[in-house]
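The values are calculated or read from the model by the stated rules, or taken from the named source; none is laboratory data. In this text, all values refer to a predicted model and were calculated from it rather than measured experimentally. So basically every Cβ, Gly included, is an ideal-geometry build from the backbone, and we count neighbours across all protein chains shown.
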Amino acid sequence: MAVPNGRLLRHWPLSGGISAQMLGLEVERADGRREKLILRRHGERALQANPQLTQNEYRLLQLTAVHGLPTATPRHFFAAGQPFAKPALLLDFADGEMRFLHGHVEHAMRKMATQLAAIHQLKASKVALSFLHQQTAVFAATLNQRTGGADLLGREAEIWERLAPIVELQSQNEPTLLHGDFWPGNVLWQGSQLAAIIDWEDAFVGDPLYDLAIARSEIVWIFGVAAMQAFTTHYQALMPLRYDHLPLWDLWATLRFIRLSQDGFDWFADYFGKYGRSDITLESIQTNYNQFIDQALDMSR
């Protein structure tokens, strides 16, 4: 057991999670001390795509803890049926808050860029990452989901036209650990400090420019172009990589967001309203995202 002879005092749903159900737990240890934990359970769709997802995340968080990354320490992996119907992961409580307000954005971008660079220091040639998907598998999944139809922004066909001759971006940089979904919603803060990087279920191994492009494509519509550029500048100062294909990676990154329906965009606008960002609307998302796509198309010519 993760807490031998422990007693559950209370539990509560944790807000903010999108990809998995999370519960906060307060337990009392046998010696009377109290501690908080997180019970994390992935959704049915994610488990169908990868039945080993929960166990892989457990193994990965063990690895990131060893290498000093700010991630929640995993306590226990529960296989399906033991005692929950689906696999579950018990973690130390990651105390902190998500921040989407404009205050101190430059500082936040510097901290986030520093941590992304630290993740990418874990190179596949030096760290045991074979249990994670490789970049080729992730590309194949993206190609299989190609719709060929118009999206709400009306840009998918244009992006595929640019990427079609390439089919698959060849890595120009040494493969590293990738978070896979590194954006401000997966970062927790305590005061001015970046306290934790959460939600590692999309992690895989590949070119670090993939992660950089994902982060850029998310930051631009939350904080704007200047913040995205500041984040990129800080990252590039720390990581001596080849960046000539970055505009193409940016286009790849847009494909997971560009297919959102009207309901999807409305959901994002409602989500950020809860965090004091009522200025994030369908119109603002479209404006900033179109600017990001235009820049990537221009730079990739």
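Is there any pair linking a residue in region 112-141 that is within 18 Å of ASP181 (Cβ to Cβ) to one that is part of a loop (DSSP other than H, G, I, E, B) and modelled with pLDDT under 95, with Cβ under 6 Å and at least six apart or on different chains, and which?
Going by the 6 Å Cβ cut-off, the qualifying pairs are PHE139/GLU168.
Out of all the residues in region 111-119, is one or more more than 16 Å from the chain's Cα centre (by Cα) and either surrounded by fewer than 16 Cβ atoms within 10 Å (Cβ to Cβ) or farther than 14 Å from GLU201 by Cα (or both)?
No, every residue in region 111-119 fails to be more than 16 Å from the chain's Cα centre (by Cα) and either surrounded by fewer than 16 Cβ atoms within 10 Å (Cβ to Cβ) or farther than 14 Å from GLU201 by Cα (or both).
Output the number of residues of region 193-219 satisfying the condition of being of a type in the set (Gly, Ala, Ser) and within 16 Å of ALA94 (Cα to Cα).
2
Would you call LEU255 surrounded by 15 or more Cβ atoms within 10 Å (Cβ to Cβ) and touching a helix residue (DSSP H, G or I) at 6+ places or on another chain (Cβ under 7 Å)?
Answer is yes for this residue.
Among the listed residues LEU241, LEU255, identify the single one that is at pLDDT 90 or above and under 19 Å from GLN135 (Cβ atoms).
Unique residue meeting the criteria: LEU241.
Every residue, every condition in (1) loosely packed, with under 14 Cβ neighbours inside 10 Å; (2) in contact with a Gly (Cβ under 7 Å, 6 or more places away or on another chain); (3) within 15 Å of ALA94 (Cβ to Cβ); (4) in the same structural domain as ALA137 (by TED's automatic domain parsing), yes or no:
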{"residue": "GLY24", "(1), (2), (3), (4)": "no, no, yes, no"}
{"residue": "ILE38", "(1), (2), (3), (4)": "no, yes, yes, no"}
{"residue": "GLN55", "(1), (2), (3), (4)": "no, no, no, no"}
{"residue": "THR64", "(1), (2), (3), (4)": "no, no, yes, no"}
{"residue": "PHE77", "(1), (2), (3), (4)": "no, no, no, no"}
